Structures are given as C-alpha cells and as structure tokens.
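Working notes for the structure below.
The values are calculated or read from the model by the stated rules, or taken from the named source; none is laboratory data. This one's a predicted model, so the numbers in the text were calculated from it and none came from an experiment. Glycine also receives a Cβ, built like all others from the backbone with ideal geometry; neighbour counts cover every protein chain displayed. Note: areas computed on protein heavy atoms with side chains; ligands, DNA, RNA excluded. Shrake-Rupley method; radii C 1.70, N 1.55, O 1.52, S 1.80 Å.
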Amino acid sequence: MTGSVELADRFEEHRGHLKAVAYRMLGSLAEAEDAVQEAWLKLSRAEADDIHNLGGWLTTVTGRVCLDLLRSRTARREEPMGDTHDTVRAFVPDPVLRPLSHIDPAEEVLQADSVGLALLVVLENLAPDERLAFVLHDLFAVPFDDIAPIVERSPAATRQLASRARRRVRGATPSSEPDLGRQKQVLDAFLAASRAGDFEALVALLHPDVLLRADSGALVRGAAASKLVRGAKAVAEQALLFAPFAQSAELVLVNGSVGMVDAQGGRIRSVMGVTIVDGRITDLYILADPERLERLEVPGGAG
C-alpha cells in the first residue's frame with residue numbers, strides 16, 4: 001500500500017462505511033463529509049505501510065474526529081446565548097431523502113433505513129463519549145478495546161459508557177410502525193386533513209402526548225422559529241397554521257420511513273419525518289432551516 005493512487009483507491013472502498021459512522025455520530029451530512037475528509041488527510045500523512053487493518057484504523061480515526069466535533073459542539077451550547085437551550089432541544093438531524101418508491105436498502109450509501117430520525121434525536125442528547133461508545137460498539141461492532149483509547153478510558157469503563165447510552169436509547173425510542181404501507185396510510189390521512197383544514201381529523205391522527213420538534217435554525221425568528229410543541233390539540237393547531245405548505249407537500253422516504261417534503265422550483269422549503277405507533281403519530285420532526293435545506297437534493301419526482 002505504498003502508492004498514493006492505490007492508497008486513495010483503498011480509502012474509497014471504505015468511504016461509504018465511514019460516512020455512515022460519521023452521520024450517526026453527528027446527525028449532520030455536511031459535518032459527516034468533513035469528518036471523512038479529515039480521516040483521509042490523516043491517512044495521507046500516516047505511515048500507511050504500518051496499517052494492517054485499514055478499515056478498523058479509519059473507523060477509529062473517524063470516530064476520534066467526530067468526538068472532537070461533538071465536544072466542541074457541546075461546549076458552544078453551554079455558553080449563555082439567550083434561547084439557545086430551546087433551539088438545541090428542538091434540533092432535527094439532517095434527513096436522508098429518497099423517492100417513496102426507493103425502498104431497496106442495498107442501494108442506500110448511508111444505510112439510512114436502519115437509523116431513523118428518532119434514534120438520531122436521542123443520540124443528540126447523549127454525552128459525546130457515550131454517543132461514541134454506543135455508535136461504534138452497538139451499531140458497528142467495534143470492540144471496546146479499540147474504543148477505549150479514543151475516549152481515554154479503560155475497556156471496562158468504556159463498556160459502561162455504552163451501557164448507559166443503550167438504556168437511554170431503549171427508554172426513549174418506542175417501537176415504531178415498520179410497515180411502509182401502513183405508514184403511508186397515516187401520512188396520506190394527515191396530509192388530506194391538513195389541506196382541508198380539518199382540525200378534528202388531525203387530532204384523531206395524533207397521539208395525545210405527541211411531540212413536535214420544529215427546527216428552523218438559530219437565525220430564524222418569529223412564527224417559524226424553532227420550537228417544541230406537545231399535545232394533540234396544540235400540534236394540530238400548528239399543522240393548520242402551516243396548511244398552505246401542505247398544498248405542495250409530497251410523500252417521500254425520510255431516513256427510510258414515510259415522511260413529507262415541501263419543494264417548489266427545485267428547492268426544498270421543509271422536510272417532515274414522523275414516528276407512528278399503533279396507527280397514530282407520536283413524534284413529528286420538521287426541518288425548516290433554510291441554510292441546511294439548501295444542501296439537500298429534492299428527491300426524484302418531488303417539487
């Protein structure tokens with residue numbers, strides 16, 4: 001593995017896997033790309049001939065880069081900045097969008113079908129070290145002996161980090177409806193009720209304790225500002241406020257589950273993912289941050 005071209009080719013073989021690791025660690029497609037690029041830069045400067053397990057080496061390097069980004073992000077959020085806390089709690093990870101007909105997980109470079117928005121939201125609330133231990137071990141089967149040096153803990157202490165994270169994940173992510181057909185029925189009904197302004201029909205589709213996360217970005221103010229809204233009636237009222245957007249919304253796959261995208265003129269104005277349990281929506285995740293939406297591509301057939 002001495003030639004630069006050969007090294008680059010070997011790296012490209014692992015790029016999809018590394019991006020999947022970084023996306024789960026960061027919940028940001030742009031930051032995931034940056035982390036993978038940083039891993040390549042570190043590899044290009046390393047003594048490549050001494051690396052016997054390139055995939056394992058790149059995975060741990062990418063994990064370390066992501067951990068540094070998470071720690072920096074956490075430090076920024078701890079600074080007093082007005083309503084920053086509410087904005088953080090309303091955070092919606094970058095969605096991976098596909099046309100509704102695109103349901104073959106073998107073609108998903110990020111394998112996004114196995115990482116829904118609900119899980120990414122829970123991971124966002126973990127401490128950086130916990131998130132790293134859980135993602136690398138539970139999602140990618142990296143041994144604790146390899147994770148321990150990254151978090152500067154013993155393997156036993158690293159195992160405890162993953163265990164704490166696992167308990168929080170299990171307690172906060174209910175088993176959602178797995179059938180895409182049944183998901184589509186609920187979203188079709190939600191979209192029809194929104195377009196018709198049918199308040200009672202909307203309430204009937206929502207779980208009594210439904211939680212809406214609307215992430216409009218840190219710089220957006222006014223009616224569209226980032227917010228958390230809980231309760232069927234309150235969330236239905238919000239849906240009616242944005243009924244005009246429902247007129248142009250279309251169903252797509254959002255991280256492998258049925259969701260909605262509002263796109264016009266080739267530009268995405270909002271994305272909504274949901275969690276559905278027993279035929280009712282328990283969580284809504286709306287991304288309306290213009291800066292982040294600008295980086296997303298409109299799924300084929302939408303907009």
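How much length is gained on full extension from Leu180 to Ser101, taking 0.36 nm per residue of separation minus their Cα-Cα distance?
Numbers: separation 79, 0.36 × 79 = 28.44 nm, distance 1.04 nm.
Difference between extended and current length: 27.4 nm.
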Point-to-point label distance, Arg164-Asp209, nm (Cα→Cβ direction, 7 Å offset): 2.4
Taking only complete DSSP H runs, can you tell me which helices of the chain stretch 20 Å or more along their own long axis by Cα positions and average at least -1.0 on the Kyte-Doolittle scale? 4-26, 29-45, 54-77, 155-172, 180-196
Net charge, Leu251 excluded, C-beta distance under 15 Å - Lys, Arg +1, Asp, Glu -1: -1
Dipole-positive endmost among Ile286, Ala141, Ala30 within the chain (Cβ charges, Cα centre): Ile286
Return the calculated 222 nm mean residue ellipticity for the chain, to the nearest 500 deg cm²/dmol, obtained by summing -39500 (n - 2.57) across DSSP H runs with n ≥ 4 and dividing by the residue count. -15500 deg cm²/dmol
Under 29 Å Cα to Cα from Lys233, which lysines show up? Leave out anything in the same chain fewer than 8 places away. Lys184
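For the chain, which whole-number percentage of the solvent-accessible area (1.4 Å probe, protein heavy atoms only) is attributable to carbon and sulfur atoms?
For the chain, the apolar C and S fraction of the accessible surface comes to 51 percent.
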Rounded to 0.05, the calculated FRET efficiency for the beta carbons of Val277 and Ala156 at R₀ = 41 Å is 0.70
For the chain, what size does the Cα cloud have along each of its three principal axes, sorted from largest down, in whole Å? 65, 38, 36
I want the local charge near Arg164. Using Cβ-Cβ distances under 14 Å, sum +1 for each Lys or Arg and -1 for each Asp or Glu among the other residues. +4
Classify region 192-266 as rounded, prolate or oblate from the Cα gyration tensor: take a ≥ b ≥ c as the square roots of its eigenvalues, call it rounded if a/c is under 1.5, otherwise prolate when a/b beats b/c and oblate if not. rounded
Would you list, by chain and number, the lysines whose Cα falls below 19 Å from the Cα of Lys42, excluding same-chain residues fewer than 8 positions away? Lys19
Multiplying the sequence separation of Asp188 and Glu6 by 0.36 nm and subtracting their Cα-Cα distance, what value in nm do you get? 60.6 nm
Total formal charge among the other residues, if their Cβ is under 9 angstrom from that of Leu100, Lys/Arg +1 and Asp/Glu -1: +1
